Amino acid sequence: MESIKYTRVLLKLSGEALAGDKGFGIDNDVVNSVAKSIKELTSMGVEVAIVVGGGNIFRGRTGEGMDRTTADHMGMLATVINSLALQSALENIEVDTRVQTAIEMRQVAEPYIRRRAIRHLEKNRVVIFGGGTGNPYFSTDTTAALRAAEIEAEVILLAKKVDGVYDSDPVTNPDALKFDELTYMDVLSRELKVMDSTATSLCMDNNIPIRVFSLEDPNNIIEVVKGKSIGTLVKGV
C-alpha cells in the first residue's frame, strides 16, 4: 500500500469547481476526473466522505425577491443534484457509493445517520453528504466542518477553483499574496475567505486541519492525502 498521511478524509467540493469552465451547471469531464481521483484514494485504503456545494446551480444568498429560508432550501436541493451526479460518476467506475441527505428524500438517498455513515466508510464505501445541514442560514462549509467532526475525519480537503488562500482576491488583484500556512485565528481575525466564520470556528474547536487547494488538477486530491504540501494549510497554533 502506498504511504498516506490520512486514512479518513472529508472532501469539500465547491459547486463552482464542478461547473468547470462553463461557470454554471455540471461539467461531466470535471466530475468524471474527480471520480477517478476518489477511486484511487479508496484503492489506497483511504476512507472518503464528501460534501458538495450547490453554487453552480443555485446559491441561497442570491435568491432575489424571496425570503432567506426559501432560498437556502433551494440551495440545499442544488447540493443533492450535485451529489447524485457525483454518485453516478463514481458508480460508473465501480466505486461503491452512498448519498445521505439532511433533508429526507428516501426515493433518491438515505437520510443522514451518523453511525450508518461511519459504517459505510469502514466498508470502503464513499459517502456523499447532500442537503447541507438541513437548516437555513448555514453554509455547506459549515456542513463540511460539522460532518468532519461527527465522523472524526482527520482533515478537511477544501477543493476550490483557486489554488490556496490569498490576502485578497487573486482574480482582481494580480499582486495578491498566497499563504502556505495559517492558523484558525489568522483566518478569523483577517476575515480571509477560506470558509465562513461558523465553519472555521467549528474546525478550531475540534482541531480539524483544513487543506485548501485547486481542483483544476483533480490529482491534487491524491497528492494532498499522500502528504504533499499543496495550496494552504489552516490549523491550530
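Here are the numbers for the structure shown:
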{"read-out": "Asp29/Glu223 FRET efficiency (R0 25 Å; Cβ-Cβ; nearest 0.05)", "value": "0.80"}
{"read-out": "Inter-probe distance in nm under a simple model that places probes 7 Å from Cα toward Cβ, at Met185 and Lys161", "value": "3.4"}
{"read-out": "Farthest positive-ward along segment 83-237 dipole, Cα basis, beta-carbon charges - from Leu233, Ser197, Val127", "value": "Val127"}
{"read-out": "Cα gyration tensor, segment 21-143 - rounded (a/c under 1.5), prolate or oblate", "value": "oblate"}
{"read-out": "C-alpha center-to-center spacing [segment 65-89, segment 172-215] in angstrom", "value": "24"}
{"read-out": "Test item: Cα-centred dipole of the chain, Lys/Arg +1 and Asp/Glu -1 on Cβ, debye", "value": "660"}
{"read-out": "For segment 1-85, with +1 on Lys and Arg beta carbons and -1 on Asp and Glu, the positive-most of Ile50, Leu77, Val9 along the dipole", "value": "Val9"}
{"read-out": "Amide hydrogen neighbours beyond the local backbone of Gly130, cut-off 5 Å, H modeled", "value": "Gln100, Thr101, Ala102"}
{"read-out": "Relative contact order of the chain, pairs being alpha-carbon contacts under 8 Å that are 6 or more residues apart, as %", "value": "23"}
{"read-out": "Segment 8-235 - share of DSSP beta bridges that are antiparallel (%, nearest 5)", "value": "15"}
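FYI, it's all coordinate maths here, none of it is from the lab. Bear in mind the structure is a predicted one, so any value in this text is a computation, not a measurement. Here the Cβ is made from the backbone with ideal geometry for all residues, glycine too, and neighbour counts use every protein chain on show.
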